[in-house]
1. What residue, of GLN381, GLN404, GLN392, GLN341, is open to solvent by 100 Å² or more (accessible area, probe 1.4 Å), polar (S, T, N, Q) and in a helix (DSSP H, G or I)?
2. Specify the residue that is farthest from ALA237 (Cα to Cα); the eligible residues are those in segment 89-101 that are touching a residue at least 12 places away in the same chain (Cβ under 8 Å) and open to solvent by 20 Å² or more (accessible area, probe 1.4 Å).
3. Filter segment 49-71 for residues that are surrounded by 16 or more Cβ atoms within 10 Å (Cβ to Cβ) and modelled with pLDDT of 75 or more; which is nearest to THR98 (Cα to Cα)?
4. Identify, please: which residue in segment 276-304 is free of Cβ contacts under 8 Å to residues at least 40 places away in the same chain and either crowded, with 16+ Cβ neighbours inside 10 Å or in contact with a helix residue (DSSP H, G or I) (Cβ under 9 Å, 6 or more places away or on another chain) (or both) and is, among those, nearest to GLN221 (Cα to Cα)?
5. Starting from residues that are free of Cβ contacts under 8 Å to residues at least 40 places away in the same chain and in contact with a Cys (Cβ under 8 Å, 6 or more places away or on another chain), keep the ones in segment 260-275 and report whichever is least open to solvent (accessible area, probe 1.4 Å).
6. Residues of segment 163-182 being open to solvent by less than 20 Å² (accessible area, probe 1.4 Å) and under 21 Å from GLN196 (Cβ atoms), which ones?
7. Taking segment 164-174 on its own, how many of its residues are part of a helix (DSSP H, G or I) and out of contact with any helix residue (DSSP H, G or I) (no Cβ under 9 Å at 6 or more places or on another chain)?
Amino acid sequence: MDLRAELLKSIWYAFTALDVEKSGKVSKSQLKVLSHNLYTVLCIPHDPVALEEHFRDDDDGPVSSQGYMPYLNKYILDKVEEGAFVKEDFDELCWTLTAKKNYKPDRNGNSIISNKDAFKLWCLFNFLSEDKYPLVMVPDEVEYLLKKICTAMNVELNSCELDDYLTQELQGQGGITVWQFLDMVNSGRFLRGIEQEAISMAVEEVYQEVIEDGYLWKKGQLRRNWSERWFMLKPSALSYYMSEERKEKKGSIALDKNCCVEVLPDRDGKRCMFCVKTSSRTYEMSASDTRQRQEWTLAIQTAIRLQAEGKKSLHKDLKQKRREQREQREQRKAAREEETQRLKQLQEEKERKLQELELLKEAQRQAEILLQQEEQRRRQQHEEMQRTLEIQLREAEQARASMQAEMVLKEAEAERQRKRILELEDMQERLQEALQQEVKARQDEEAVRYAQARLLAEEEEKLKQLMKLKEEQEEYIIKTQREKQVLKQEMENKNKCLEEAQKQLEEVRVNRQRMDQDVMAAQRKLRQASTNVKHWNVQMNRLMHPIGPGDKRTNVSGGVFAGYQPLLSRRDSSLK
């Protein structure tokens, strides 16, 4: 039974406790509170968004267990990690919810067990119950648990009285519920004369044995001092904590096939010592007494063996074996009942066959009497038939003679019929030949019609193509006309533009001629002005330098008026 199945059993009790009306449904507000508490005790981060989304207030009606299971699996059970929470706190939460409604101890204080012992018995019941809902414990497991408790108190259980009680309580059911079991224990029917303290100690011992945890003294590795630790045994590891609350984990011993357990002699003031040897270290521990040491060493050795075999727990393995034994007993019982039923059927079949045999004998005697009577009647009928046959034979002879005469007539008729048949066969052959010719003519006619139809189809196809070409030609003509109109419009526009350009060119030419005339007039004026300037320069040069006696003209013109050349050049440039 894995962790999920163990948790589901306890949650089932909590859910049914919230179902006040026993309708199989619980209100959403109660499920919200239950889910919040489960988040807390299982040490899972709260997801209020998912909680509110799954249990919206606008939904109609309460929620059944099947409607709660998807949320429980997705947001709670899938996130649970083994060892991350205290299993006892989780069980105590579910016990508190279900015991408040279902557990009814004696109000006068005369109960055999306390509320804490009832909680532990409830946990043991969940562990040993069947994996079917509603949860019940079969009689074999009830006897097994009560024997464990009685053995812890050194008391013998009255099995006969227990069988009578269970037979009376079950009444065709598969087992008893946990509340029936607690009522049976509280009644004191099987624990008479035993003090409540002794029962409490026995329940505690069985609880610790099945849950596989308890206090031991452990020797440290560095300081070598002894400390009391709360040990918890699993097939894969032996973990130890500071206290039974398991809030502070101090370490873990990994168990595998290479580990072993050895008993040690008493030393260092410690007694009932033993050690667990692993491949890397030896752990020394001390129990409170010899019995506890023997239980721990046996449990650790069993855990190592189960780890090597790939199994989970000693008590779970024993529970599975007991279940297999019950199934084998039930199978053998069913086989015996089936064999008894088969023998009974065979006996009934044998008696029925004997009766049938007697009936057959009686029928045989009756048949012999009837056979004799039938034989006598048949003999009489034979004699009567023989006389009748003789009469019929004479009549047959007479009929034969008449029939021979008829046969002669029939033969002549048959000859005529044969001739008629030959004539009809000849006529049939001629008709068949005519029919074949007619069929051939029809085939030729069909071929001609087929060819004619094909020619018509081709002609129609060509006509369609011609019509299509005509339509395309018309479309092309229309398109060409449209393009021609567009081109004509463009040519008119271009002609207009060309005329305007020619007009502008004429204006430009006229302007150019006018400008050329202006330029020529200016050039004439310039040349005239230049001639005038040169003339006045000559006159001025003559006036500024009078000719002296004996001077040469060439020197006078070149030397005296040389300084006036820049002035004349500047005036020429300005005139230009």
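The values are calculated or read from the model by the stated rules, or taken from the named source; none is laboratory data. All of these numbers come straight from a predicted model, not from anything done at the bench. For neighbour counting, all protein chains shown are included, and Cβ atoms are generated from backbone atoms with ideal geometry for every residue, glycine included. Side chains included, ligands, DNA and RNA excluded: accessible areas come from the protein's heavy atoms. Shrake-Rupley method; radii C 1.70, N 1.55, O 1.52, S 1.80 Å.
1. One residue alone meets the criteria, GLN404.
2. LYS101
3. Across segment 49-71, the extreme among qualifying residues is TYR68.
4. Within segment 276-304, the match that is nearest to GLN221 (Cα to Cα) is VAL276.
5. Within segment 260-275, the match that is least open to solvent (accessible area, probe 1.4 Å) is LEU264.
6. Residues satisfying the conditions are VAL178, PHE181, LEU182.
7. Count: 2.
Table: residues versus (1) closer than 18 Å to TYR144 by Cα; (2) at pLDDT 85 or above.
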{"position": "GLN320", "(1), (2)": "yes, no"}
{"position": "GLN325", "(1), (2)": "yes, no"}
{"position": "ARG329", "(1), (2)": "yes, no"}
{"position": "ALA335", "(1), (2)": "no, no"}
{"position": "GLN341", "(1), (2)": "no, yes"}
{"position": "GLN347", "(1), (2)": "no, yes"}
{"position": "GLU351", "(1), (2)": "no, yes"}
